[in-house]
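Have a look at the structure below before the remarks.
Just so it is clear, none of the values below were taken in a lab; they were calculated from the coordinates. Not measured: the values here are computed from a predicted model. Quick reminder, even Gly has a Cβ in these numbers, built from the backbone with ideal geometry, and neighbours come from all protein chains shown.
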Amino acid sequence: MTTNLTIDELHQLYASGGAKPSEITAAVLARIEQSTERLNAFITINKDAALKQAEVADANIKDAITTQPLAGIPVAVKDNMCTTGLRTTCGSKILGNFLPPYTATAVAKLEAAGAILVGKTNLDEFAMGSSNENSAFGPVRNPINEDYVPGGSSGGSAVAVAADLSSVSLGSDTGGSIRQPASFCGVVGLKPTYGRVSRYGLVAFASSLDQIGPFGKNVRDVARTLSVIAGRDRYDATSANEPVPNFLNALTGDIQGLRVGVPPECFGEGLDAEVKTAVEAAIKKLEERGAEIVEVALPHSKYVVAVYYLIATAEASSNLARFDGVRYGYRSETAKTLAEMYQHTRDEAFGAEVKRRIMLGTFALSSGYYDAYYEKAQRVRTMLCNDFAEAFQKCDVIATPTAPTPAFKLGEKVNDPLAMYLDDIFTVTINLVGVPAISVPCGASSAGLPIGLQLIGNHFDEARLLNAAYAYEA
Ligand code: GLN
């Protein structure tokens, strides 16, 4: 039984009676199990529940596909989204056995739309990383070449789609964690506008930057999944009360007159030559399809990595204070006093990168340094917002590379955090500004590694953004 189908293809197969959800689900689960040793994309496989759910779906699947957008579709979810009674680890020892008492809104919406949750995917611990090497459950490998990283932090969710272990998947993106692994693995990945998708049940990393979004094999699958998960949620005060269109209807492929902004700042030093060539060729393609290319300026681009790593670590240090061994998760057994219990728990159960960020963030927020670091970073964040507001006067979408290089080798950057952080140069800005952005495959390097084109839209303009990506993909 085939596992490599898009949603449209699977629904056609169900409509024709060529397969049933239980057969597809069984095949997907078998493929996940076979791939585990090589790719390590899943932390928890939801085998029994998925099979049971699929069997129930078998009964009326032909009707269901007309009413439920994800009827009978196998989906995988990053393991930092809570799922009732299904282990949610965040890739951390500290939540190694955590069974949430509730389900994240985005995941509940997938299930209500008929999706079958096949498992929880591997990630960098607490979504901190760009290579998936920071997981307490071991690194994920890139299915295109297993010596290479899949990107991070949502590496498992990207690999799930790239290696046909699910049709679509969810990731979270705080500074690029959907788009960069999508680009490294050759799939489509979207970070929606901040507030477009509820964060309820997403374990917080940096609350002003975090956003859940979909991975898919093509833009249509991503558009459909976004339509399902988007919308106001009374459990998340930052979710926006914006109407949610059916994003599939926006995919006309017509981009006649669309103004595509190209910022020269994103094509300078440090950009891999093959990435540059591929992304420039992709922009040419958009022009051939009727788009108008205009130059836009993003003058504060040189500060983005510094600003992001101050704000993200500051928020993380506060969010991660709750993991103290008292309420849930791991508790040290070596402590003799309360203070020791906090210290030993956090020392024994957080990994090196998480500790580094807690220390950086705590320092940036400390009273003597708050003005010099955190407040200054917030000021530059406002300037970045102004840069984008100005750019969007001149254009409808902005085109950049998703990442400065294709995937790198496992172990290559893991001991050099700064080199790893610099890999996020084109993605973090988007979260600081809160706009949506998508990564679509735009070719491969001479070593055969995928390259991603990043298209950026204005706030809540996902319909136009998705159509631009769709036109390029076509
Ligand atoms: N790579 C970035 C970081 O390490 C982004 C992570 C993310 O988007 N979750 O913070």
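Which of the following residues is under 28 Å from Tyr235 (Cβ atoms), touching a helix residue (DSSP H, G or I) at 6+ places or on another chain (Cβ under 9 Å) and away from the ligand (no atom under 16 Å from the Cβ): Ala19, Ala71, Ala26?
Details: Ala19 fails: under 28 Å from Tyr235 (Cβ atoms); Ala26 fails: under 28 Å from Tyr235 (Cβ atoms).
Within the list Ala19, Ala71, Ala26, the selection yields Ala71.
Which condition does Arg220 not pass, out of (1) closer than 30 Å to Gln53 by Cα; (2) surrounded by 24 or more Cβ atoms within 10 Å (Cβ to Cβ), if it passes all the others?
If we test Arg220 against (1) closer than 30 Å to Gln53 by Cα; (2) surrounded by 24 or more Cβ atoms within 10 Å (Cβ to Cβ), just (2) comes out false.
Somewhere in the stretch 193-204, is a residue within 16 Å of the ligand (Cβ to nearest atom), among the aromatic types (Phe, Trp, Tyr) and touching a residue at least 12 places away in the same chain (Cβ under 8 Å)?
Looking for residues that are within 16 Å of the ligand (Cβ to nearest atom), among the aromatic types (Phe, Trp, Tyr) and touching a residue at least 12 places away in the same chain (Cβ under 8 Å), one finds at least one in the stretch 193-204, hence yes.
Are there any pairs with C-beta distances below 7 angstrom linking a residue in the stretch 137-165 that is farther than 16 Å from Val77 by Cα and more than 14 Å from the ligand (Cβ to nearest atom) to a residue that is among the basic types (Lys, Arg) and assigned to a helix (DSSP H, G or I), with the two at least 6 apart or on different chains, and if so which?
From residues that are farther than 16 Å from Val77 by Cα and more than 14 Å from the ligand (Cβ to nearest atom), the pairs are Arg141/Arg38; Glu146/Arg38.
Looking only at residues that are within 12 Å of the ligand (Cβ to nearest atom) and under 13 Å from the mean Cα position of the chain (by Cα) in the stretch 425-436, which one is surrounded by the fewest Cβ atoms within 10 Å (Cβ to Cβ)?
So, considering only residues that are within 12 Å of the ligand (Cβ to nearest atom) and under 13 Å from the mean Cα position of the chain (by Cα), the one surrounded by the fewest Cβ atoms within 10 Å (Cβ to Cβ) is Val428.
I'm checking my understanding of the structure. Among residues of the stretch 121-134 that are of a type outside the set (Phe, Trp, Tyr) and outside any loop (DSSP other than H, G, I, E, B), which one is nearest to the ligand (Cβ to nearest atom)? Before the answer, list the steps.
Start the filter on the stretch 121-134 by keeping residues that are of a type outside the set (Phe, Trp, Tyr), which leaves 121-125, 127-134.
Checking which are outside any loop (DSSP other than H, G, I, E, B) leaves us with 121, 125, 127.
Working: Thr121: 13, Glu125: 10, Ala127: 4 Å.
Looking at residues that are of a type outside the set (Phe, Trp, Tyr) and outside any loop (DSSP other than H, G, I, E, B), I get Ala127.
Read through the list (1) surrounded by 15 or more Cβ atoms within 10 Å (Cβ to Cβ); (2) on the phi > 0 side of the Ramachandran plot; (3) not acidic (Asp, Glu), then give the number of the only condition that Gly448 fails.
(1)
Would you confirm whether any residue within the stretch 249-261 is surrounded by 17 or more Cβ atoms within 10 Å (Cβ to Cβ), touching a Ser or Thr at 6+ places or on another chain (Cβ under 9 Å), touching a residue at least 40 places away in the same chain (Cβ under 8 Å) and not in a loop (DSSP other than H, G, I, E, B)?
So far as the stretch 249-261 goes, no, none of its residues is surrounded by 17 or more Cβ atoms within 10 Å (Cβ to Cβ), touching a Ser or Thr at 6+ places or on another chain (Cβ under 9 Å), touching a residue at least 40 places away in the same chain (Cβ under 8 Å) and not in a loop (DSSP other than H, G, I, E, B).
Starting from residues that are assigned to a strand (DSSP E or B) and not polar (S, T, N, Q), keep the ones in the stretch 369-425 and report whichever is farthest from Ala281 (Cα to Cα). It would help to see each step written out before you state the result.
The initial filter retains those residues of the stretch 369-425 that are assigned to a strand (DSSP E or B), namely 397-401, 409.
From what is left, the residues that are not polar (S, T, N, Q) are 397-399, 401, 409.
Working: Val397: 17, Ile398: 15, Ala399: 12, Pro401: 11, Lys409: 26 Å.
Within the stretch 369-425, the match that is farthest from Ala281 (Cα to Cα) is Lys409.
Report, by residue number, each residue of the stretch 348-382 that is within 16 Å of the ligand (Cβ to nearest atom), hydrophobic (A, V, I, L, M, F, W, C) and closer than 25 Å to Pro299 by Cα.
Listed by number, the residues that qualify are Ala364, Ala377.
Taking only the stretch 289-304 into account, find how many residues are in contact with a Leu (Cβ under 9 Å, 6 or more places away or on another chain) and either assigned to a strand (DSSP E or B) or hydrophobic (A, V, I, L, M, F, W, C) (or both). Reasoning before the result, please.
Restricting attention to the stretch 289-304, the residues satisfying the condition of being in contact with a Leu (Cβ under 9 Å, 6 or more places away or on another chain) are 289-293, 298, 300-301, 303-304.
Add one more test, that the residue is either assigned to a strand (DSSP E or B) or hydrophobic (A, V, I, L, M, F, W, C) (or both), and what stays is 291-293, 298, 304.
Number of matching residues: 5.
Phe215 - would you say it is of a type in the set (Phe, Trp, Tyr), surrounded by 24 or more Cβ atoms within 10 Å (Cβ to Cβ) and either more than 22 Å from Pro404 (Cα to Cα) or within 12 Å of the ligand (Cβ to nearest atom) (or both)?
Values: of a type in the set (Phe, Trp, Tyr): yes; surrounded by 24 or more Cβ atoms within 10 Å (Cβ to Cβ): yes; either more than 22 Å from Pro404 (Cα to Cα) or within 12 Å of the ligand (Cβ to nearest atom) (or both): no.
Spelling it out, it is not the case that Phe215 is of a type in the set (Phe, Trp, Tyr), surrounded by 24 or more Cβ atoms within 10 Å (Cβ to Cβ) and either more than 22 Å from Pro404 (Cα to Cα) or within 12 Å of the ligand (Cβ to nearest atom) (or both).
Of the conditions (1) free of Cβ contacts under 8 Å to residues at least 60 places away in the same chain; (2) assigned to a loop (DSSP other than H, G, I, E, B), Leu271 satisfies every one except a single condition; which number is it?
All conditions are met except number (1).
Ala447 fails exactly one of the following numbered conditions: (1) under 20 Å from Val187 (Cα atoms); (2) away from the ligand (no atom under 16 Å from the Cβ); (3) not in a loop (DSSP other than H, G, I, E, B). What is the number of that condition?
Status for Ala447: all satisfied but (3).
Give me the residue from the stretch 104-120 that is closer than 13 Å to Ile212 by Cβ and of a type outside the set (A, V, I, L, M, F, W, C) and, out of that set, nearest to the ligand (Cβ to nearest atom).
Taking the stretch 104-120 first, the residues closer than 13 Å to Ile212 by Cβ are 104-110.
The next check asks that each one be of a type outside the set (A, V, I, L, M, F, W, C); those that pass are 105, 109.
Details: Thr105: 19, Lys109: 21 Å.
In this case the residue turns out to be Thr105.
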